Amino acid sequence: MEYRIAVIEGDGIGPEIVREARKVLLRIAALYGHHFEFRELLMGGSSIDRFGEPLTEETLEKCRASDAVLMGSIGGKVGVSPWYLLPPEKRPEAGLLKLRKGLGLFCNLRPAKLYPELRNACPLRESVIGDGFDLMMVRELTGGLYFGERSTVREGGELVARDELCYRESEIRRVARKAFSIAGGRRGRLCSVDKANVLDSSRLWRRIVEEEGKACPEVELSHALVDSTAMLLVRKPGSFDVILTENMFGDILSDEMAEIAGSLGMLPSASLREDRFGLYEPSGGSAPDIAGQNIANPLAAILSAAMLLRYSLELPKEAEDVETAVEKVLRDGCRTKDILEEKKGLKLLSTEEMGEEVAAKLRGPLR
Ligand code: NAD
């Protein structure tokens, strides 16, 4: 099959890690007989340097005309890079917001998996970690408090600030459908997180999620409050499969999940639209402190490519092949600097070597 993949390498370590993800995709293409047409595009700092703006209309159009977008991270060292002398709407991060909005991406996926070999990177006690955890956050990305009306006015002799938290039924329904479908493809458990004991928007959230659940009886649905979920994530992370929540709760809980999962260099992410189209990028930033040194961990970018295979190209076997190859590489003791421990039998690899190891471990359809 032929697929068009827009590639935005980005800034800092972006080009280094995306190169390795591409290497892995090319190997998958060779093993499974697919054809991936990569279209190189600029966004963020590199686009400012070339076109004077972080995202051009042409780039946006080319992304829209692709099956998926694979991205590194964007941005420079805040306070050092000249990009941050520009007005906010001209800075690298403005390009990312415009891109997500322009592509209509409303559903953000952030998996947090603890690999047995990286248990020591998890800040939780052994007894809490238990058999480990493998969870997926599904976060609504374009509604709620971050997108409501806001104002700061003087009332009765003092300043009063207001932020509106609004959710429409249709916004909840479409992200809930995605979450049920994702849970159905995993261990079949979905926990919807809200604050329904206080907020009207959460009560509507719960009602619509319940309604959507009726169409998916194979998925076991539960509801939890955001405060108790924050506690349970650090007390019993293994009890979750898929967590569905609104924008702000998801923002906070997904950072908590990233922290318990260990290294930023291991965490992929995806942002999806109603159809199969999506944008795939590592959860971490452009790490300007280590850029250009060939020491960044490319596994988050490689695992983002695996998500691209699964969710946008609907190639679950190929996605699993990549994920299994990453597990094998870790089991063999291969480590980049960020996940290296003082332990016998571990091999320190460069960014490039890590990508090559993963590509070499892919088995293809004839396992
Ligand atoms: P960061 O995530 O880039 O780095 C935080 C720490 O994690 C650094 O020590 C870095 O070296 C390390 N790290 C991150 N990814 C790594 C990897 N793959 N391998 C090894 N180590 C890794 O966060 P920051 O320093 O706060 O931000 C740097 C820039 O990235 C800023 O301009 C910020 O705006 C931008 N940023 C971009 C995105 C994005 O593109 N989606 C997300 C977050 C931050």
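The values are calculated or read from the model by the stated rules, or taken from the named source; none is laboratory data. Predicted model only: the values in this text are computed from it and were never measured. Using ideal geometry, Cβ is built from the backbone for each residue, glycine included, and neighbour counts are taken over all protein chains shown. Remember, those area values only see protein heavy atoms, side chains included, never the ligands or the DNA or RNA. Shrake-Rupley method; radii C 1.70, N 1.55, O 1.52, S 1.80 Å.
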Original post:
in contact with a strand residue (DSSP E or B) (Cβ under 9 Å, 6 or more places away or on another chain), within 16 Å of the ligand (Cβ to nearest atom) and in the same structural domain as Ala325 (by TED's automatic domain parsing), is that true of Ser66?
Top reply: no
Subject >> Selected residue [under 20 Å from Arg39 (Cα atoms), at pLDDT 95 or above and more than 15 Å from the ligand (Cβ to nearest atom)] from Leu279, Leu272, Leu253 >> reply: Leu272
**OP:** State whether the residues of segment 351-366 include one that is within 18 Å of Asn120 (Cβ to Cβ) and open to solvent by 50 Å² or more (accessible area, probe 1.4 Å).
**Re:** no
Subject >> Unique residue being crowded, with 24+ Cβ neighbours inside 10 Å and at negative phi when the list is Ile290, Ile252, Ile260, Ile243 >> reply: Ile243
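Have a look at Ser46, Ser81, Ser73 and point out the one that is touching a helix residue (DSSP H, G or I) at 6+ places or on another chain (Cβ under 6 Å) and within 16 Å of the ligand (Cβ to nearest atom).
Ser73
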Original post:
Is it the case that segment 185-199 has a residue that's assigned to a helix (DSSP H, G or I), assigned by TED's automatic domain parsing to the domain that holds Gly130 and either open to solvent by less than 70 Å² (accessible area, probe 1.4 Å) or among the hydrophobic types (A, V, I, L, M, F, W, C) (or both)?
Top reply: no
Original post:
Can you name the strands (runs of 3 or more DSSP E) wholly within segment 217-305 that have at least 3 residues being farther than 15 Å from Arg139 by Cα?
Top reply: 220-225
Original post:
Any idea which of (1) open to solvent by 10 Å² or more (accessible area, probe 1.4 Å); (2) within 16 Å of the ligand (Cβ to nearest atom); (3) at negative phi is the one Leu299 doesn't satisfy?
Top reply: (1)
Original post:
Is it the case that some residue within segment 257-267 is closer than 28 Å to Ser66 by Cα, within 13 Å of the ligand (Cβ to nearest atom) and among the hydroxyl-bearing types (Ser, Thr, Tyr)?
Top reply: no
**OP:** Could you figure out which of (1) of a type outside the set (D, E, K, R); (2) in a loop (DSSP other than H, G, I, E, B); (3) open to solvent by less than 30 Å² (accessible area, probe 1.4 Å); (4) over 17 Å from Ser312 (Cα atoms) isn't true of Ala94?
**Re:** (2)
Original post:
So is Leu105 out of contact with any helix residue (DSSP H, G or I) (no Cβ under 8 Å at 6 or more places or on another chain), outside the structural domain of Val175 (by TED's automatic domain parsing) and touching a residue at least 60 places away in the same chain (Cβ under 8 Å) or not?
Top reply: yes
**OP:** Go through (1) open to solvent by less than 70 Å² (accessible area, probe 1.4 Å); (2) within 28 Å of Glu171 (Cβ to Cβ) and name the single condition Val326 misses.
**Re:** (2)
Subject >> Within segment 1-52, tally of residues that are open to solvent by less than 50 Å² (accessible area, probe 1.4 Å), part of a strand (DSSP E or B) and more than 21 Å from Ala94 (Cβ to Cβ) >> reply: 4
